[in-house]
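Data block below; observations after.
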Amino acid sequence: MDYLAAWMFLALTILLMAGFPVAFTLLGTSLFFGLIGFGWSFFDLLPLRIWGRMTNVTLIAVPLFVFMGVMLERSGLAEELLDTMGIVFGRLRGGLAMSVVFVGALLGASTGIVGATVVTMGLLAVPTMLRRGYQKELATGTVSASGTLGQIIPPSIVLVLIGDIVGVSVGDLFMGAVLPGLILVGLFMLYIIVVAYFRPGIAPAIPKEELDAISRRQLMIRVCKALFPPLFLMVAVLGTIFAGVASPTEAAAVGAVGASLLTIIGKKFNITLLREVMITTVRLTCMVFIILCGAAAFGLVFRGLNGDEIVRGFLGGLAEAHSKGVVLAIVMAVIFFVGFFLDFIEITFIHVPVLAPIMLELGFDPVWFCILLAVNLQTSFMTPPFGFSLFYLKAVTPPEVTTGHIYRGIIPFVAFQVIGLAIVVFFPELATWLPHVVFGD
């Protein structure tokens, strides 16, 4: 019985690797080992645990942010942004790729949904970059990496979920994620600039004659029109949180209304569109919450079988034998490795509830540790063989773009992602300074 929790975790891992659905695997494993460990009395505890999760007000932000992202994706915002920023950066070598990173950051700050961002930019940007002579690896890698910026740049759904699990204010996490998110944007752009400088043939500039066809006044008007919608949403959502006017849940509702207004202004709104957005929102929300129910059951059984004591003893032993830094490095390495095989939602609900309390007991700052988790989880979208960003992109790229091109293209961006994670590890103030200044925590 002492190691029943370890057998439970092993069974869960094997079943997930075998391809069984995550939600049903979590629930099935929990019920099986719960009956073995507690008997039929287990069913007296489980409903209370799940009810407690489902009645958490903070989680109302999840469907609202999903609605906002899906609605905005249908509004045509990304297309106008990409066209305009492509012209703004077009005079530079690698300018189109830099414009994709810039747009990815703005869409991340507006929608927070990786799939919608990657698909939209894959449909619009990749064919354009290939037509302009960009290397396939650079084009696909840029789009894949830029689309994942919504994972860390607030408002981010993963930050809402992590904040709820760890018990940290979502407003603090949103503020703490701003500087790390901007660092990743800067690192991606730095890579593009360096590559375009040393290998100009794979990232050519737009011909000067084509750019001169648009006057400076016309360009300024287009830039203002393209930048207004995402900036409006950023102010509506993040501004109300940072100003203390609204909670993250209330701000998510403001964002949902704001995205709907932008779609109406853009003359894209109709009843059919609204129905499609609502159906997509319900589908994505149900996926998140059914996994949440399974994770709640798994956490109940795992802790009841003293699984957290096993993990705490192991990590505590490492801290005594080496240092807390070694423990942090091992935890980050485990999350990074698991990201090759599991989705960020699965990692968030399975691993974070086990690891986070122990890491906080060791004295790590909760906001800083949560931001490290979010940055690390972002790589799960980009790491093969199960990186969802890669799947989304392959589904919408031209036939001449192979899976090999996408996999090779993402390698440098994953490396810079790890560099960004290391920067935040060595400089915790990047994640803790802004929440302290704004909220005085």
Report yes if residue 152 is of a type in the set (A, V, I, L, M), over 20 Å from residue 66 (Cβ atoms) and either surrounded by 22 or more Cβ atoms within 10 Å (Cβ to Cβ) or touching a helix residue (DSSP H, G or I) at 6+ places or on another chain (Cβ under 6 Å) (or both), otherwise no. no
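What number of residues in the range 131-172 are among the hydrophobic types (A, V, I, L, M, F, W, C) and over 13 Å from the mean Cα position of the chain (by Cα)?
Number of matching residues: 7.
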Considering each residue of the range 149-175, count those that are under 18 Å from residue 352 (Cα atoms), of a type in the set (A, V, I, L, M, F, W, C) and outside any helix (DSSP H, G or I), and give that number. 2
Has the range 211-233 got any residue that is touching a Gly at 6+ places or on another chain (Cβ under 8 Å), within 14 Å of residue 95 (Cβ to Cβ) and part of a helix (DSSP H, G or I)? yes
If you go through the range 305-324 one residue at a time, do you hit one that is in a helix (DSSP H, G or I), over 30 Å from residue 38 (Cα atoms), of a type in the set (Gly, Ala, Ser) and at pLDDT 85 or above? no
From 189, 234, grab the single residue that is closer than 18 Å to residue 103 by Cβ and either of a type in the set (Asp, Glu) or at pLDDT below 90 (or both). 234
Is it fair to say residue 11 is within 26 Å of residue 352 (Cβ to Cβ) and within 25 Å of the chain's Cα centre (by Cα)? no
Could you please let me know if residue 147 is farther than 21 Å from residue 76 by Cα and either touching a residue at least 60 places away in the same chain (Cβ under 8 Å) or surrounded by fewer than 24 Cβ atoms within 10 Å (Cβ to Cβ) (or both)? no
State yes or no: is residue 337 farther than 19 Å from residue 292 by Cβ, of a type in the set (A, V, I, L, M, F, W, C) and at pLDDT 85 or above? no
Only one residue in 31, 64, 59 is touching a helix residue (DSSP H, G or I) at 6+ places or on another chain (Cβ under 8 Å) and under 20 Å from residue 304 (Cα atoms), so which one is that? 31
For residue 202, are the conditions met, namely being out of contact with any Asp or Glu (no Cβ under 7 Å at 6 or more places or on another chain), surrounded by fewer than 23 Cβ atoms within 10 Å (Cβ to Cβ) and on the phi < 0 side of the Ramachandran plot? yes
Which of the residues spanning the range 161-182 are surrounded by 20 or more Cβ atoms within 10 Å (Cβ to Cβ) and within 24 Å of residue 97 (Cα to Cα)? 177, 178, 180, 181
Which residues, taken from the range 338-373, are among the acidic types (Asp, Glu) and part of a helix (DSSP H, G or I)? 346, 361
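The values are calculated or read from the model by the stated rules, or taken from the named source; none is laboratory data. Note that the structure is predicted; figures quoted are calculated from it, not measured. Positions of Cβ are generated from backbone atoms using ideal geometry, with glycine treated the same way; all protein chains shown enter the neighbour counts.
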